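The values are calculated or read from the model by the stated rules, or taken from the named source; none is laboratory data. The structure displayed is predicted, hence computed values, not measured ones. Counting neighbours? That spans all protein chains shown, and the Cβs are built from the backbone with ideal geometry, glycine included. We work out accessible area using only protein heavy atoms, side chains counted, and drop any ligands, DNA or RNA first. Shrake-Rupley method; radii C 1.70, N 1.55, O 1.52, S 1.80 Å.
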Amino acid sequence: MCGIFGCVLKRSEAAPLIRAGLKRLEYRGYDSVGEVTVHQRRLFIKKDSGKIDEVHKLHNLDDLPGRVGIGHTRWATHGAPYQANAHPHTDCQEELAVVHNGIIENFGELKAELVEAGHAFRSKTDTEVIAHLIEERLKEGLTLAEAACAAAKRLEGSYAIAVVSLKEPDKIVCARKESPLVVGLADDAAYCASDIPAFLPLTNKVVIVEDGELVIISDAECEIRKISDFKKVPREPEIIDWSPEMAEKQGYPHFMLKEIHEQPLRLRNTLRLQEQYLELMTTFLDRAGEVFLVACGTSYHACLAASYMFSKLALLATHPVIASEFVEQHGRSVNIDSTILVVSQSGETADTLSTVESSRQRAATVLGLTNVIGSTLTRVARVYVCQQSGPEIGVAATKTFTSQLSVLSQLALRLAKKRGKVSHVEIEELEEKLEQIPEIVETIIRLQEDKVKRLAKKYRGKRCFFFLGRGISSAAAMEGRLKLMEIAYIPSIAYPAGESKHGPISLIEKGFPVVFVCPKDETHKTIVSNIMEMKARGASIISVIEEGDEKIKALSDDYIEIPKGLPEVLSPIPAVVPLQLFAYYMAIENGCDPDKPRNLAKSVTVK
Ligand code: F6R
């Protein structure tokens, strides 16, 4: 998730405004920064790795001349965060420059084609292909907008791009597909940006650019066209009356809610990971003598779910272990045949990194799954995969959890294929369902959020909750409990449902709320018995069920429905979403700030 900002000004210099705009977008990514301006038939570019303030201190980003320019704050997806990979990227002649937010899935093929045609590449990014594609079309005599449109048609994946060129020095051309892009208009200026907060102090007159559209910005105006047929699209600007703080959260009252709603988009991004890294990691898992899945907190719950995925799909037994226990529990037995798949959103969690350290000392293979390229985990892991969730600001992990699950299920599926453990038909079905997951999550949020809000009102006075699930759903139950505890401060208990009768059931009395996660999988029959056990003792049953599950509906005091027909191994992704929402609204009901739970930090760097 990167941030882009551009401006065409009538009177003043663009560079200081671009830096200020990027600063307001820094929450979208902050490992590199760059700006380009157009002045007197030249492009002026400054870029480097580091946060905006660091790069500005070193290079003075404000002294680039000219009234037109674009800038970028990066969150690395392809290519490590170093200077050559920072945006903007230029064509061979340095006559045009591009900034980009998103992932170009077919950049490998496009790059090979462009190299064959004689283009020289300077970076390892997917973005650079866009500059060279536009260069090709400009050579044919197209206008900048036509050339950008032709290039956009060749791109697969997601993008919001902004382009400047010496050929049309008073313009910025932008295009978007599945990555955000907005335009701001003022009397003497026009802006483009990833998000409204970038230009909100300058104007509140906003034009929203839709998917599949291209926008030509010049002279305090903008013209929108469809990428498919280049036809003009009339659109009136809207007046936005958000405060800057609201704008940063895109109108949501909290980052946590924004991030819950962002999950469909983030899940789409996890389906566009670079094949070669997934394949490499699968090869390591395939060769391993034993596999540990190690993490803390929410990431540990992803590992727990993954252990079911690997076992059910690839027939690979793995050991999910809480990182702070790993050295005590397994430290001495780990050896050269052990493979440790370490999962850490931040890539900096101290307990997790100490596992890495001790395992490396014993010659084990360390693999990493993280959200932060450039983090310690990416430097010490033999192979790592970036989960592509974009920066998560809310302290409670939400979108990063579902992204982790998506990546882990893809790994399990690949391994199953490699080992020939699942039939072609089953693999195709799973792949098809995985593609549908973003839409399914979108549907759950759309249809169930109001209901969850009402449930939070109903159960707000309860002092303790139980969360139960069987099989892979026990991971979703544990995650639901962690969310409720950490942000609404309600003591809660989670167990695999079968275990609840070996002790915890003694807590149940009339009205005790028990949340059951029960998709219609192989555990359905037994979980019905567990629900009846609880109900017989007076518990209030709140269930997360598949649509049309009349049996559990009849046993429940309240239920939340998720779409039916989900394969068991993927079900925790949609099942956890109502539980995230429940925790959020319970926190609100209890007057807690969900973004800043007491005593917690986003990245726990002490042991
Ligand atoms: C809970 C939460 C924490 C983290 C844990 C591990 O909402 O965010 O439990 O999951 O501290 O953090 P990472 O994944 O960064 O290693």
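Between the beta carbons of Cys92 and Glu431, assuming R0 = 51 Å, the FRET efficiency works out to 0.85 to the nearest 0.05. Under the combined filter of DSSP loop state and at most 16 neighbouring Cβ atoms within 10 Å, region 362-422 retains these trypsin sites (Lys or Arg not before Pro): Arg362, Arg382, Lys421.
For region 111-209, the list of trypsin sites (Lys or Arg not before Pro) that fall in a loop by DSSP and count at most 11 other C-beta atoms within 10 angstrom is empty. Once Lys and Arg get +1 and Asp and Glu get -1 on their Cβ, which of Val207, Gly297, Thr402 lies farthest toward the positive end of the dipole of the chain? The Cα lying farthest towards the positive end belongs to Gly297.
Using the Cβ-Cβ distance between Val528 and Glu499 with R0 set to 22 Å, the FRET efficiency works out to roughly 0.85. When the surface is traced with a 1.4 Å probe over the full set of protein chains, Lys551 keeps roughly 130 Å² accessible.
Among Thr398, Thr526, the sequence by solvent-accessible area, most first, with a 1.4 Å probe is Thr526, Thr398. May I ask you to list the residues of region 186-201 whose amide nitrogen lies under 18 Å from a point 7 Å from Cα along the Cα→beta-carbon direction of Glu221? Correct set: 186-192. Ordered by solvent-accessible area of protein heavy atoms (1.4 Å probe), largest first, the residues Ile505, Ile562 come out as Ile505, Ile562.
Find how much the distance from Asn60 to Lys418 grows on full extension, using 0.36 nm per residue of separation minus their present alpha carbon separation; answer in nm with one decimal. Write out the running numbers ahead of the final one.
Details: separation 358, 0.36 × 358 = 128.88 nm, distance 5.13 nm.
Contour length minus the Cα-Cα distance gives 123.7 nm.
Compute the separation of the alpha-carbon centres of region 29-49 and region 408-424 and state it in Å as a whole number. Spelled out, the Cα-based centre of one part sits 43 Å from the other.
The alpha carbon gyration tensor of the chain gives principal lengths a ≥ b ≥ c with a/c of 1.5 or higher and a/b greater than b/c, which makes the shape prolate.
For Trp242, the solvent-accessible surface computed with a 1.4 Å probe is close to 70 Å², ligands and nucleic acids excluded.
For Arg362 and Lys51, a Förster radius of 35 Å and the Cβ-Cβ distance give a FRET efficiency of 0.45, rounded to the nearest 0.05.
When only alpha carbons are used to place a centre, region 536-607 and region 244-313 end up 18 Å from one another. Put Tyr27, Tyr82 in order of accessible area, highest first, and with a 1.4 Å probe you get Tyr82, Tyr27. For region 214-276, trypsin sites (Lys or Arg not before Pro) meeting the loop criterion (DSSP other than H, G, I, E, B) and having at most 13 other Cβ atoms within 10 Å: Lys231.
Distance between the modelled labels on Ala112 and His319, one decimal in nanometres: 4.2 nm (7 Å Cα→Cβ projection).
How much mean residue ellipticity at 222 nm does the chain get from its helices, if each DSSP H run of length 4 or more adds -39500 (n - 2.57) and you divide by all residues, to the nearest 500 deg cm²/dmol?
Values: 19 runs with 237 residues, N = 607.
Estimated from H runs of four or more residues: -12000 deg cm²/dmol.
Solvent-accessible area per residue in region 292-422 equals 31 Å², computed with a 1.4 angstrom probe and all protein chains kept. Here the chain exposes an accessible surface that is 48 percent carbon and sulfur, computed with a 1.4 Å probe and the other protein chains kept in place. Working note: Karplus 6.51/-1.76/1.60 with θ = phi - 60° gives region 205-221 the couplings 8, 10, 10, 8, 8, 8, 4, x, 10, 10, 9, 10, 10, 7, 6, 6, 9 Hz, where Gly and Pro are set to x. Taken per residue, the accessible surface of region 96-199 reaches 31 Å², heavy atoms only and a 1.4 Å probe.
Rounded, prolate or oblate: pick one for region 362-417, where a ≥ b ≥ c are the square roots of the eigenvalues of its C-alpha gyration tensor, a/c under 1.5 means rounded, and failing that, prolate if a/b is larger than b/c, else oblate.
Details: a/c = 2.46, a/b = 1.18, b/c = 2.08.
The shape class here is oblate.
The slack between Lys453 and Asp188, meaning 0.36 nm per residue of separation minus the straight C-alpha distance, is 91.0 nm. If a/c stays under 1.5 just call it rounded; otherwise compare a/b with b/c (prolate if a/b is bigger, oblate if not). Do that for region 1-122, with a ≥ b ≥ c from the square roots of the Cα gyration tensor eigenvalues. Here region 1-122 falls in the oblate category. Model label sites at Glu140 and Glu210, defined 7 Å from Cα along the beta-carbon direction, differ in position by 2.7 nm. Counting only heavy atoms of the protein chains and using a 1.4 Å probe, His254 has close to 40 Å² of accessible surface. Students often get this wrong: which residues of region 91-116 have the backbone nitrogen under 11 Å from the point 7 angstrom along Cα-to-C-beta of Gln276? What the label zone holds, given the 11 Å backbone N cut-off, is 108-109. Each part reduced to its alpha carbon centroid, region 112-151 and region 436-501 end up 48 Å apart. Charged side chains reduced to their Cβ positions (Lys and Arg at +1, Asp and Glu at -1) give the chain a dipole of some 1360 debye around its Cα centre. In the chain, the DSSP beta bridges split such that about 60 percent are antiparallel, to the nearest 5.
Can you tell me how much longer the chain between Arg382 and Arg446 gets when fully stretched, taken as 0.36 nm per residue apart minus their C-alpha distance, in nm with one decimal? Before the final figure, lay out each step's value.
Values: separation 64, 0.36 × 64 = 23.04 nm, distance 4.05 nm.
That works out to 19.0 nm of additional length.
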